[in-house]
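Student: This structure is in C-alpha cells; I'll ask about it shortly.
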Amino acid sequence: MKNKTIKLLSIILIIIFCVSISPITMQNDTYYTIPIGKHIIENGIDMLDPFSWHDGLQYTYPHWAYDVLIFLIFSAGQLVAGTIGGYRAIYISTCILAAILGVTIYLVNCKLNKNELISFFITIGTIYILKDYIAARAQLITFILFALEIFSIEKFLETQKKRYIASLILIPILIANLHCAVWYFYFILYLPYIAEYIISIFCKVGKNEVKEKNKLTIERIEAIKKLIIIMIVCMFTGFLTRIGTTPYTYLIKTMQGKSTGYINEHLPMTIIEHIPIIISLVILFAVLIFTKVKIKLRDLFMIGGLLLLMLYSRRQQSMFALIGSVILNRLITQSFINFAPDSIKKIDKVARNKIPNLIISIMVLALCSYFVIGKKNHTFVDETVYPVEMSEWILENLDVPNIKLFNEYNYGSYLLYKGIPVFIDSRADLYTPEFNTKTGKVEDGKDIFTDFMQASGLNVFYEETFEKYGITHAILYKNSKMNLIITNTNNGNYEVLHEDNIFILYKIK
C-alpha cells in the first residue's frame, strides 16, 4: 500500500509542477491552428491555403488532426464564455497535456528502470528543460508519443508481447496525422537498437548474450529481427492520413528550403546558453567517468545521436531531454546498484518516510509557486507582440478583402486568426517554393519567405518587394528597421492611417 501511496504522491506533485509551468500566453502557432481547424471542418482538406492573400498557394496541412482538435476545444470554451472562454479552454487543454506528458515520463522511467525516487527527480528535471516547449502546439502530443515509443520498444524486446507491437504500429499513424513534420523521427529512434545488433554480430556476440569491454556492453538481442519487421511495416503508415504523401515529403522539402536558416528554433545550439543541458551532460559524464557503470552500446548511440542533432538544431534539445531521461536514469540506477546491490530499495524505502516526503513536497511546491507567481500578470494575448487594437481598427475601417497588407512574421498568425488576409505568418513552409509550387517544380513556386526576410532585414530595398507584390498597406512594429527608415526619411508615399504604442499602419500611395 505504501508503494502505491508514494507513487500517487509523486504523480500529484508532477501534475502540479506541469500545470505551474504551462504558459498562459499563447504562441504564434496557436493563432493559425484555430482558423485552420475551423476551415477543415467546414471545407475539408483542400491542400490550398485560404488565409494569405497570395493566390493559390499550396498548403499541406501538416498537423490537420491537431488543428481540428484545438478548434473544437476553443469552440467549446467559446460557447461557455465567449472568446475569453475559448482562450481559457486552450490553456486548460495545455495544462492537461503537459500533466499527461509529465506522468508519462515518470511512469516510463519507473517501469524501465525499476525505481521511484530517481525517476521522480529525473521527471522534474526533464519537464523543467521542456518548459519552453510546453505550449498549445502539436509537439506537446508527439512528446508523449515518443516517450511511449521508447517504452514500447524496450518492453517488446524484453517480453515480445503483442500489445507492444500494436502500440508501435499505432504511434506512427497518430504522428502522421497530428504532426507529420516529426514522422521520420519515429524511425530514427529504432536505429540505435538495430546498429547495436549489427555490431554485435561482427563482434561475435552469442545470441541473447552480453559482451562487456571497458565501459561498454554490447548485447545481441534476437528480438531485434522482429523489431526491424515492425519498423518496415510502420514505414507504410504514412499513407494512413488525409494529406497524401506529406509525411514522406515534408521534412525533405523543409531541409531543401532556406527557412531553417532564419527561424530561431532551427538554428544550431550554443550549449553555454542552456544551463540545464550543461548540468545534464555533467551528470552523465560524471557517472560514466567516476563510477563503475557500463553503458549499453544502443544507449551510447542514442545519446550521442541526440546530442549531435541538438547541436545541429536547438529545437532537438527537447528530444535529447525526453529520450535522454531514460538513459540517464538507467546509468544512475546502475551506478547505485554497483555500489550496493540493494541501494535502490533502500533509497525508495527512505523516500517512503514522512519527513523525506514532506521535504520533497515542500521543495517542489515552492518551485511551483515561483513559476505561478511569475505568470501572475500574464494574459492570454500579449498586446506588446500582437496587434490586438490595430486588428480591430483594420476590420472596422478598411475593405479587408481588397487590400494587400504587408505584415511581419511574428504576428501574422494573429492577423490570420482575426480574419485579416496576410502577407506571411509563422507557417514558414507555406511561403517557400518547395511547398507552394503548383507543378511540383521548385522553380515554379513563390519564395515569399526569402523576399520577406530580405526586405525586413534591409538586405534589399523594401520598396522593391512592395512593388513586386503590389502592396497597398503595411503594418509594422514602430521600432522595426523598416519603420525607422520610413519615419526618418519623411517619405510622402506612406500615409499613416492608425498607430498605437507598438504598431503603425501605413497606406502606400
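Student: Inside the range 243-331, counting only helices (runs of 4 or more DSSP H) that do not spill past its ends, which hold 3 or more residues that are closer than 23 Å to I122 by Cβ?
Tutor: Details: elements: 246-256, 275-290, 297-312.
Per the criteria, 275-290, 297-312.
Student: Cβ-Cβ below 8 Å, separation at least six or inter-chain, first residue in the range 18-45 and more than 15 Å from V422 (Cβ to Cβ) and in contact (Cβ under 8 Å) with a residue 60 or more places away in the chain, second among the basic types (K, R) and not in a loop (DSSP other than H, G, I, E, B): which pairs?
Tutor: Pairs that qualify, where the first residue is more than 15 Å from V422 (Cβ to Cβ) and in contact (Cβ under 8 Å) with a residue 60 or more places away in the chain and the partner is among the basic types (K, R) and not in a loop (DSSP other than H, G, I, E, B), are I21/K131.
Student: Name the residue, out of I122, I144, that is closer than 30 Å to K349 by Cα, assigned to a helix (DSSP H, G or I) and more than 14 Å from the chain's Cα centre (by Cα). Can you show your working first?
Tutor: Details: I144 fails: more than 14 Å from the chain's Cα centre (by Cα).
Just one listed residue meets the conditions, I122.
Student: Within the range 342-363, count every residue that is surrounded by 12 or more Cβ atoms within 10 Å (Cβ to Cβ) and among the acidic types (D, E).
Tutor: 1
Student: Hey, does the range 217-233 have a residue that's part of a loop (DSSP other than H, G, I, E, B), out of contact with any helix residue (DSSP H, G or I) (no Cβ under 6 Å at 6 or more places or on another chain) and modelled with pLDDT of 90 or more?
Tutor: Filtering the range 217-233 for residues part of a loop (DSSP other than H, G, I, E, B) gives 220-223.
Within this subset, residues satisfying the condition of being out of contact with any helix residue (DSSP H, G or I) (no Cβ under 6 Å at 6 or more places or on another chain) are 222.
Applying the additional criterion that residues be modelled with pLDDT of 90 or more yields 222.
Taking every residue of the range 217-233 in turn, at least one turns out to be part of a loop (DSSP other than H, G, I, E, B), out of contact with any helix residue (DSSP H, G or I) (no Cβ under 6 Å at 6 or more places or on another chain) and modelled with pLDDT of 90 or more.
Student: If you don't mind, there's one more thing I want to ask. Tell me, which residue of the range 395-451 that is basic (K, R) and under 28 Å from the mean Cα position of the chain (by Cα) is farthest from A136 (Cα to Cα)?
Tutor: K446
Student: Can you name the residue in the range 1-38 that is among the polar types (S, T, N, Q) and surrounded by fewer than 19 Cβ atoms within 10 Å (Cβ to Cβ) and is also nearest to the chain's Cα centre (by Cα) among such residues? First the steps, then the outcome.
Tutor: Of the residues in the range 1-38, the ones among the polar types (S, T, N, Q) are 3, 5, 10, 20, 22, 25, 27-28, 30, 33.
Within this subset, residues satisfying the condition of being surrounded by fewer than 19 Cβ atoms within 10 Å (Cβ to Cβ) are 3, 5, 25, 27.
Numbers: N3: 33, T5: 33, T25: 16, Q27: 12 Å.
Out of the qualifying residues, it is Q27.
Student: So in the range 312-341, with the set limited to residues that are among the hydroxyl-bearing types (S, T, Y) and in contact with a Pro (Cβ under 9 Å, 6 or more places away or on another chain), which one is surrounded by the fewest Cβ atoms within 10 Å (Cβ to Cβ)?
Tutor: Residues of the range 312-341 that are among the hydroxyl-bearing types (S, T, Y), as a first pass: 312-313, 318, 325, 333, 335.
Filter again for in contact with a Pro (Cβ under 9 Å, 6 or more places away or on another chain), leaving 312-313.
Details: Y312: 13, S313: 16.
Checking each candidate, the answer is Y312.
Student: Please specify each residue of the range 17-63 satisfying the condition of being more than 16 Å from I73 (Cα to Cα) and small (G, A, S).
Tutor: Scanning the range 17-63 gives S20, S22, G44, S52, G56.
Student: Considering each residue of the range 4-25, count those that are modelled with pLDDT under 95 and of a type in the set (A, V, I, L, M, F, W, C), and give that number.
Tutor: Counting residues in the range 4-25 that are modelled with pLDDT under 95 and of a type in the set (A, V, I, L, M, F, W, C) gives 3.
Student: I'm checking my understanding of the structure. Among residues of the range 31-65 that are assigned to a loop (DSSP other than H, G, I, E, B) and among the β-branched types (V, I, T), which one is nearest to K441 (Cα to Cα)?
Tutor: First, pick out the residues of the range 31-65 that are assigned to a loop (DSSP other than H, G, I, E, B): 44-47, 49-51, 53-57, 59-63.
Filter once more, keeping what is among the β-branched types (V, I, T): 45, 60.
Working: I45: 22, T60: 16 Å.
Here the residue is T60.
Student: Looking at the range 87-98, which of its residues are under 13 Å from I70 (Cα atoms), small (G, A, S) and in contact (Cβ under 8 Å) with a residue 40 or more places away in the chain?
Tutor: Matches in the range 87-98: S93 only.
Student: Can L101 be described as within 13 Å of the chain's Cα centre (by Cα), without any contact (Cβ under 8 Å) to a residue 60 or more places away in the chain and either assigned to a helix (DSSP H, G or I) or closer than 30 Å to I73 by Cα (or both)?
Tutor: Working: within 13 Å of the chain's Cα centre (by Cα): yes; without any contact (Cβ under 8 Å) to a residue 60 or more places away in the chain: no; either assigned to a helix (DSSP H, G or I) or closer than 30 Å to I73 by Cα (or both): yes.
Judged against the criteria, L101 is not a match.
Student: Now for a separate question. With the requirement that a residue be at pLDDT 90 or above and assigned to a loop (DSSP other than H, G, I, E, B), what does the range 408-443 give you?
Tutor: E408, K418, G419, I420, P421, F423, I424, D425, S426, R427, T432
Student: Take the residues of the range 155-172 that are surrounded by fewer than 19 Cβ atoms within 10 Å (Cβ to Cβ) and in contact (Cβ under 8 Å) with a residue 40 or more places away in the chain: which is nearest to the chain's Cα centre (by Cα)?
Tutor: Restricting to residues being surrounded by fewer than 19 Cβ atoms within 10 Å (Cβ to Cβ) and in contact (Cβ under 8 Å) with a residue 40 or more places away in the chain, the top hit is I169.
Student: Could you check how many residues of the range 332-365 are assigned to a helix (DSSP H, G or I), in contact with a helix residue (DSSP H, G or I) (Cβ under 8 Å, 6 or more places away or on another chain) and not aliphatic (A, V, I, L, M)?
Tutor: Of the residues in the range 332-365, the ones assigned to a helix (DSSP H, G or I) are 332-339, 343-351, 354-365.
Keeping just the survivors that are in contact with a helix residue (DSSP H, G or I) (Cβ under 8 Å, 6 or more places away or on another chain) gives 332-333, 335-337, 343-344, 347-348, 350-351, 356-357, 360-361, 364-365.
In the following step, the residues that additionally are not aliphatic (A, V, I, L, M) were identified as 333, 335-336, 343, 348, 356-357, 361.
So the answer is 8.
Student: While we're on this one: Can you pull out every residue in the range 383-407 that is within 18 Å of T83 (Cα to Cα), in a loop (DSSP other than H, G, I, E, B) and at pLDDT 95 or above?
Tutor: Residues satisfying the conditions are Y386, P387.
Student: Counting just the residues of the range 377-392 that are β-branched (V, I, T) and in contact with a Ser or Thr (Cβ under 8 Å, 6 or more places away or on another chain), which one comes out surrounded by the fewest Cβ atoms within 10 Å (Cβ to Cβ)? Even if it seems obvious, please write down each step before you answer.
Tutor: Kept after step one, since they are β-branched (V, I, T), are these residues of the range 377-392: 379, 381, 384-385, 388.
From what is left, the residues that are in contact with a Ser or Thr (Cβ under 8 Å, 6 or more places away or on another chain) are 379, 381.
Values: T379: 12, V381: 16.
The extreme case among them is T379.
Student: So, one more: For the range 296-320, what are the residues that are in contact (Cβ under 8 Å) with a residue 12 or more places away in the chain and either assigned by TED's automatic domain parsing to the domain that holds E154 or among the hydrophobic types (A, V, I, L, M, F, W, C) (or both)?
Tutor: Within the range 296-320, L297, L300, F301, M302, I303, L306, L307, M310, L311, M319, F320 meet the criteria.
Student: What's the number of the condition A366 fails, among (1) in the same structural domain as S20 (by TED's automatic domain parsing); (2) crowded, with 18+ Cβ neighbours inside 10 Å; (3) free of Cβ contacts under 8 Å to residues at least 40 places away in the same chain?
Tutor: Unmet condition: (2).
The values are calculated or read from the model by the stated rules, or taken from the named source; none is laboratory data. Note that the structure is predicted; figures quoted are calculated from it, not measured. Note that we place each Cβ from the backbone using ideal geometry, even for glycine, and neighbour counts take in every protein chain shown.
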